[in-house]
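First up is the structure itself, then whatever we jot down about it.
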Amino acid sequence: MKNGRDPVIVGLADAPIEDGKFVTKASVLGHAALVAKAAVEEAGLTLDDVDGLLTAGMWGVPGPGQLATVTLGEYLGIMPTYVDGTNIGGSAFEAHVAHAAMALREGYCEVALIVYSSDQKSLRSRNLGGRPSVLSMQHETPYGMPTPVGGYAMAAQRHMHEYGTTSENLAEIAVATRKWAQLNPAATRRDPLSVDDVLSSTMISEPLHLLDCCLVTDGAGAIVMTTAERARDLKTKPVAVKGYGEAHTHWAIGEMPDLARLLPAQKAGETAMKMAGVSHSDIDVVEVYDSFTITVLLTLEALGFCKIGEGGDFVSGQRTAPGGAFPMNTNGGGLSALHPGMYGMFLLIEATRQLRGVCGDRQVAGAETALVHGTGGTLSSGATVILQKD
Amino acid sequence: MSTEKPLPVIDHDSAPYWQAAHEGRLDIPLCGDCGKHHFYPRAICPHCHSDNLKFDTVSGRGEVHTFTIARRPAGPAFADNVPYVVALIELEEGPRMMSRIQTDDPEKVHIGAKVEVTFVKATDEITFPYFRMT
């Protein structure tokens with residue numbers, strides 16, 4: 001049943017990048033502020049209307065980034081009365097949508113702004129190999145674990161062992177995603193890509209090749225949520241948040257309960273789809289985190305789009321490519337469009353654009369219901385959001 | 001990034017484990033209530049949440065649960081080691097632990113390979129439990 005306080009997405013913005021780097025000259029917080037302003041103004045709101053502020057990031061740590069919402073609120077010159085700095089990795093923004101939805105329903109806030117920004121490419125600061133060997137990492141970092149790719153490689157190795165999944169299966173995902181990128185003028189990598197190209201690219205951490213891995217780029221994005229009632233007076237056509245779920249299992253990959261099975265996605269997906277009252281056949285477009293090709297395969301299985309172990313067959317024959325039966329990662333994904341460290345924000349932006357019907361050459365015809373799933377850490381966390389055209 | 005190899009920052013949970021490794025033993029926590037071992041060492045049992053724990057010397061035998069051959073190093077500190085094998089070892093006693101496989105032929109490593117612990121001294125204070133195929 002519809003309620004005036006049902007949560008909706010009414011604004012979004014992302015920063016232009018070229019060759020993976022910000023076009024505009026601004027600090028990492030400057031880019032956060034610019035997309036925040038653009039997203040609220042798109043909806044016909046101003047930053048002064050924002051009373052809920054949600055963010056997660058990797059900037060300014062140690063230092064002001066440790067209290068990210070506080071620092072961002074200061075930069076924006078606002079005094080939010082609902083904040084959420086949940087950081088579960090790249091899936092944080094899907095969790096933020098869930099948390100903002102609950103706050104909106106409860107009447108705890110009226111306009112929620114979710115923001116992400118990273119200038120990792122410009123700063124050449126992608127430096128996860130240096131994870132300090134403290135606490136659980138003292139049992140991983142000293143062994144030379146290439147992070148984060150090594151953990152994903154271990155999961156891929158295990159999946160291959162248990163289910164016979166092949167490198168060709170994984171390459172199909174990279175190739176299909178590149179075809180979507182070729183339809184997106186904003187995507188970073190748009191040159192043609194074949195399965196052989198992926199298989200002959202440099203081996204990074206066996207069995208994952210360079211082209212099984214996401215890009216390293218800058219990026220900033222923002223989403224504005226409010227209630228269905230408030231949205232009636234705004235400039236954009238709202239997209240409804242129908243369901244959500246989240247879970248996490250581990251930080252160190254050695255603690256992952258089952259390396260061939262993504263339990264957080266299974267749990268979050270079930271919760272979200274049940275809440276939304278939708279089944280797999282209702283989903284028109286799927287945006288899932290593609291930090292590595294194996295991430296996608298594990299996610300599709302865990303979300304129940306195919307049986308556990310059958311992901312390799314499922315993605316074969318370019319099923320997820322433009323024109324295929326299963327439109328997925330339609331902006332070109334983290335593999336080919338952009339990947340500024342914590343990519344989950346951009347899954348939400350693309351899904352919302354698809355439901356608005358503004359995606360031009362890459363528009364999925366008749367897209368009414370979208371599933372977004374973020375994965376964070378090293379297959380650590382998962383958060384699902386079901387969005388629907390209002 | 002540093003070219004010094006990272007060393008564990010030892011804490012109260014892990015001190016007995018690292019001390020034992022330095023003395024050539026693999027000691028991991030055993031729960032006095034549920035009877036299960038766990039790794040990495042914690043102040044409460046992750047299986048039953050009891051704090052009735054003691055360190056137990058285990059066999060040092062297990063098998064490769066999964067692994068990766070690092071063709072690119074985890075930073076400059078490991079550049080001289082590539083290719084090297086980082087592996088998740090499932091101990092006979094149940095827990096899994098991350099380690100390295102000592103081998104001249106990384107291609108021979110496979111899931112299910114039987115391994116045993118071997119201790120590799122890194123500094124005067126730190127010795128790492130590595131594994132080799134048996």
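Scanning the range B:88-103 for residues that are more than 15 Å from residue B:40 (Cβ to Cβ), of a type outside the set (Val, Ile, Thr) and within 14 Å of chain A (Cβ to nearest Cβ) yields B:100, B:102.
A quick yes/no check of all residues on (1) in contact (Cβ under 8 Å) with a residue 12 or more places away in the chain; (2) closer than 11 Å to residue A:117 by Cα; (3) surrounded by 21 or more Cβ atoms within 10 Å (Cβ to Cβ):
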{"site": "A:7", "(1), (2), (3)": "yes, no, yes"}
{"site": "A:11", "(1), (2), (3)": "yes, no, yes"}
{"site": "A:14", "(1), (2), (3)": "yes, yes, yes"}
{"site": "A:19", "(1), (2), (3)": "yes, no, no"}
{"site": "A:23", "(1), (2), (3)": "no, no, no"}
{"site": "A:34", "(1), (2), (3)": "yes, yes, no"}
{"site": "A:39", "(1), (2), (3)": "yes, no, yes"}
{"site": "A:48", "(1), (2), (3)": "yes, no, no"}
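Of all residues in the range B:1-26, those that are among the basic types (Lys, Arg) have Cβ atoms under 6 Å from Cβ atoms of residues that are modelled with pLDDT of 95 or more and surrounded by fewer than 17 Cβ atoms within 10 Å (Cβ to Cβ), 6 or more apart or on another chain, in B:25/B:57.
Of all residues being part of a loop (DSSP other than H, G, I, E, B), small (Gly, Ala, Ser) and under 24 Å from the mean Cα position of the chain (by Cα) in the range A:185-211, which is farthest from residue B:66 (Cα to Cα)? Just the residue, please. Ranking the candidates gives A:186 first. Among B:46, B:106, B:41, which is within 27 Å of residue A:206 (Cβ to Cβ) and within 14 Å of chain A (Cβ to nearest Cβ)? Sole residue among the options that is within 27 Å of residue A:206 (Cβ to Cβ) and within 14 Å of chain A (Cβ to nearest Cβ): B:106.
Could you go through the range A:250-262 and let me know if any residue there is over 30 Å from residue A:150 (Cα atoms) and at pLDDT 95 or above. No, because not a single residue in the range A:250-262 is over 30 Å from residue A:150 (Cα atoms) and at pLDDT 95 or above.
Of all residues in the range A:61-91, those being free of Cβ contacts under 8 Å to residues at least 24 places away in the same chain and in a loop (DSSP other than H, G, I, E, B) number 4. Considering each residue of the range A:252-262 in turn, none proves to be more than 28 Å from residue A:336 (Cβ to Cβ) and basic (Lys, Arg). What's the total number of residues in the range B:79-134 that are in a loop (DSSP other than H, G, I, E, B) and among the hydrophobic types (A, V, I, L, M, F, W, C)? Result for the range B:79-134: 6. Restricting the range A:145-186 to residues that are surrounded by fewer than 24 Cβ atoms within 10 Å (Cβ to Cβ) and facing another protein chain (nearest Cβ under 8 Å), the residue that is nearest to residue B:121 (Cα to Cα) is A:147. Annotation: residue B:30 fulfils all but one of (1) more than 8 Å from chain A (Cβ to nearest Cβ); (2) closer than 29 Å to residue A:294 by Cβ; (3) assigned to a strand (DSSP E or B); the unmet one is (2).
Here is the figure for the range B:112-129: residues that are facing another protein chain (nearest Cβ under 9 Å) and either buried (at least 18 other Cβ atoms within 10 Å of the Cβ) or modelled with pLDDT under 95 (or both) total 1. Of all residues in the range A:34-60, those being outside any helix (DSSP H, G or I) and either aliphatic (A, V, I, L, M) or touching a Cys at 6+ places or on another chain (Cβ under 7 Å) (or both) number 9.
Screening B:15, B:21 for residues that are loosely packed, with under 15 Cβ neighbours inside 10 Å, under 18 Å from the mean Cα position of the chain (by Cα) and modelled with pLDDT of 95 or more leaves exactly one candidate, B:15. Scan the range A:92-100 and tell me whether some residue there is in contact with a Cys (Cβ under 8 Å, 6 or more places away or on another chain), of a type in the set (A, V, I, L, M, F, W, C), within 27 Å of residue A:375 (Cβ to Cβ) and not in a loop (DSSP other than H, G, I, E, B). Looking for residues that are in contact with a Cys (Cβ under 8 Å, 6 or more places away or on another chain), of a type in the set (A, V, I, L, M, F, W, C), within 27 Å of residue A:375 (Cβ to Cβ) and not in a loop (DSSP other than H, G, I, E, B), one finds at least one in the range A:92-100, hence yes.
The values are calculated or read from the model by the stated rules, or taken from the named source; none is laboratory data. Computed from a prediction, not measured in an experiment: that's the story for all the values here. Note: ideal-geometry Cβ built from the backbone for every residue, glycine included; neighbour counts use all protein chains shown.
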